[in-house]
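Trainee: Have a look at this one.
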Amino acid sequence: MNKKGDFWLGTETGKLVVAVACIILALIGLFFVISHLFFHTSDLDLAKASLDKVISDASSGFTQTQVLNPEGWVITSYPQNYQGGDLTSSLCSINKWSSCICICQTSVDNCDKTSTAYCKETDFSVSGFSSYRIISLTGRLPIILQINQDTKTISVK
């Protein structure tokens with residue numbers, strides 16, 4: 001038996017196995033990167049879809065709707081009477097809307113940034129439990145919202 005030939009065959013086979021394994025791992029990694037880029041839905045996209053559904057349901061005469069996501073965001077409406085004056089989001093005032101509903105990441109402080117908020121013009125307002133009239137989407141999703149068509153208010157059921 002040629003021991004030198006057996007050693008060469010073993011070494012080359014080992015290199016080939018390692019090379020194939022590296023290529024497979026690289027392809028798997030590339031697949032996850034591409035799928036994340038093309039199929040990952042951002043929280044802002046989820047927020048837009050949620051607010052669009054709430055406003056559509058309210059405008060269509062429904063008496064309740066459901067919000068499924070995104071976790072940790074808040075829904076609020078503008079203008080708000082705050083310390084004797086009207087408070088509004090710059091996203092609403094830029095569009096010259098007299099009233100709007102916004103969904104904002106984490107708090108109402110983020111309702112002025114297009115990267116952390118989404119606003120839509122509507123004649124409905126949010127009836128929440130604080131002076132800011134906030135519905136928090138934290139810890140208990142999905143949330144059922146009650147829509148009062150007579151008073152044009154949206155609140156947690």
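Read the figures in this text as sums done on the coordinates, not as results from a lab. These numbers come from a predicted model, not from an experiment. Here the Cβ is made from the backbone with ideal geometry for all residues, glycine too, and neighbour counts use every protein chain on show.
Trainee: Mind sorting LYS120, LYS15, LYS113 by how few other Cβ atoms lie within 10 Å of their own Cβ, fewest first?
Mentor: By the 10 Å Cβ count, ascending, the order reads LYS15, LYS113, LYS120.
Trainee: Please find the FRET efficiency linking LEU16 to LYS152, where r is the Cβ-Cβ separation and R0 is fixed at 41 Å, and quote it to the nearest 0.05. Display every interim value, and only then the final one.
Mentor: Details: r = 71 Å, r/R0 = 1.73.
FRET efficiency, LEU16 to LYS152: 0.05.
Trainee: Mind checking the dipole of segment 43-156: about its Cα centre, +1 per Lys or Arg Cβ, -1 per Asp or Glu Cβ, Debye to the nearest 20? Intermediate results must be reported in sequence, preceding the final value.
Mentor: Numbers: 8 positive and 11 negative charges, 12 e Å.
I would put it at about 60 debye.
Trainee: Moving on to the next point. Return the FRET efficiency for the residue pair SER90, ASP52: r is the Cβ-Cβ distance, R0 is 22 Å, and the value is rounded to the nearest 0.05.
Mentor: Working: r = 20 Å, r/R0 = 0.93.
Efficiency for this residue pair is about 0.60.
Trainee: How would you rank ASP112, ASP43, going from fewest to most other Cβ atoms within 10 Å of each one's own Cβ? Intermediate results must be reported in sequence, preceding the final value.
Mentor: Values: ASP112 18, ASP43 15.
Arranged by neighbour count, lowest to highest, ASP112, ASP43 become ASP43, ASP112.
Trainee: Now for a separate question. Long-range amide H contacts for TRP73: which residues qualify at under 5 Å (H placed 1.01 Å from N, peptide plane, sequence gap of 5 or more or a different chain)?
Mentor: THR106, LEU137
Trainee: Rounded to whole Hz and in sequence order, give me ³J(HN,Hα) for segment 134-151 from the Karplus expression 6.51 cos²θ - 1.76 cosθ + 1.60, θ = phi - 60°, writing x for Gly and Pro.
Mentor: 10, 10, 8, 9, 10, x, 9, 7, x, 10, 8, 9, 8, 10, 9, 6, 6, 9
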